[in-house]
1. Filter the range 33-51 down to residues that are closer than 21 Å to I15 by Cα, open to solvent by 50 Å² or more (accessible area, probe 1.4 Å) and aliphatic (A, V, I, L, M), then give me how many there are.
2. Can you name the residue in the range 138-153 that is modelled with pLDDT of 95 or more and more than 21 Å from F91 (Cα to Cα) and, of all such residues, is surrounded by the most Cβ atoms within 10 Å (Cβ to Cβ)?
3. In this structure, does R115 turn out to be in contact (Cβ under 8 Å) with a residue 12 or more places away in the chain and either of a type in the set (V, I, T) or open to solvent by less than 50 Å² (accessible area, probe 1.4 Å) (or both)?
4. Scan L10, L14, L62, L51 and give me the residue that is closer than 21 Å to L110 by Cα and at pLDDT 85 or above.
5. Name the pairs whose Cβ atoms lie under 9 Å apart, with the first residue in the range 54-78 and without any contact (Cβ under 8 Å) to a residue 60 or more places away in the chain and over 21 Å from C92 (Cα atoms), the second open to solvent by 30 Å² or more (accessible area, probe 1.4 Å) and outside any helix (DSSP H, G or I), and 6 or more positions between them or separate chains?
6. Taking M47 as meeting all but one of (1) of a type outside the set (V, I, T); (2) within 30 Å of Q20 (Cβ to Cβ); (3) free of Cβ contacts under 8 Å to residues at least 60 places away in the same chain, write down the number of the exception.
7. Can you tell me which residue within the range 86-108, out of those that are more than 18 Å from S65 (Cβ to Cβ) and open to solvent by less than 50 Å² (accessible area, probe 1.4 Å), is modelled with the lowest pLDDT?
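The values are calculated or read from the model by the stated rules, or taken from the named source; none is laboratory data. Worth saying up front: this structure is predicted, and the values here are computed from it rather than measured. Neighbour counts run over all protein chains shown; Cβ positions are idealised from the backbone, glycine included. All accessible areas refer to the heavy atoms of the entire protein, side chains included, with ligands and DNA or RNA removed. Shrake-Rupley method; radii C 1.70, N 1.55, O 1.52, S 1.80 Å.
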Amino acid sequence: MVPTEFTAQLEQRLIDQYIQCWQGELRDSTGKLRSYRLIKNEFHREMYLTLPPYLRVPHTRLRISAHALRIETGRYNLPAPLPVQERTCWFCSEEQAIEDEVHFLFSCSLYTQERQEFFDYSKQINKSFPYLTDIDKWRFMSRSNDKHLIYLLSKFISVAFEKRAHSH
């Protein structure tokens, strides 16, 4: 069956409505989508989703805040959630560093050696990479179409989550 012009227009209208709804929910969300909102600004399939599960799953967990970093675990502290400023990194020598996704990716001293490979490659493909803020570095890496960079970032996330799990 050949799609008619009406069918094509209807399909495009439904897609447009969904994207508009998605953008509204993203904009109006608080809490859990905090980090996702920092890096995701367009509705499309992300390149990291083509990676094998052992790399894709940890990367997804970091992006959607489904991980064990203190920024998340602190919200489930009993008898009351920890204030954000008290969700500090247990591993880092940096005083009072909040253990969030950005700290995990770019600052935590526990993963200095592991992050070197993706840092070096990022500098090769973007000469201004060292001068970006950490949030802009994450945006650059997350929005990149460079398959090798996405692989290196996902590999780092996977290895660092493993290291973190065995360092408690």
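1. Residues meeting the conditions: 1.
2. So in the range 138-153, the residues modelled with pLDDT of 95 or more come out as 146-153.
Subset that is more than 21 Å from F91 (Cα to Cα): 146-152.
Numbers: D146: 17, K147: 12, H148: 12, L149: 20, I150: 22, Y151: 18, L152: 19.
Out of the qualifying residues, it is I150.
3. Values: in contact (Cβ under 8 Å) with a residue 12 or more places away in the chain: yes; either of a type in the set (V, I, T) or open to solvent by less than 50 Å² (accessible area, probe 1.4 Å) (or both): yes.
So R115 passes the test.
4. Numbers: L10 fails: closer than 21 Å to L110 by Cα; L14 fails: closer than 21 Å to L110 by Cα; L51 fails: closer than 21 Å to L110 by Cα.
After ruling out the rest, the residue left standing is L62.
5. Final answer for the pair search is T60/A66.
6. Only one criterion is unmet by M47, namely (3).
7. Here the residue is C92.
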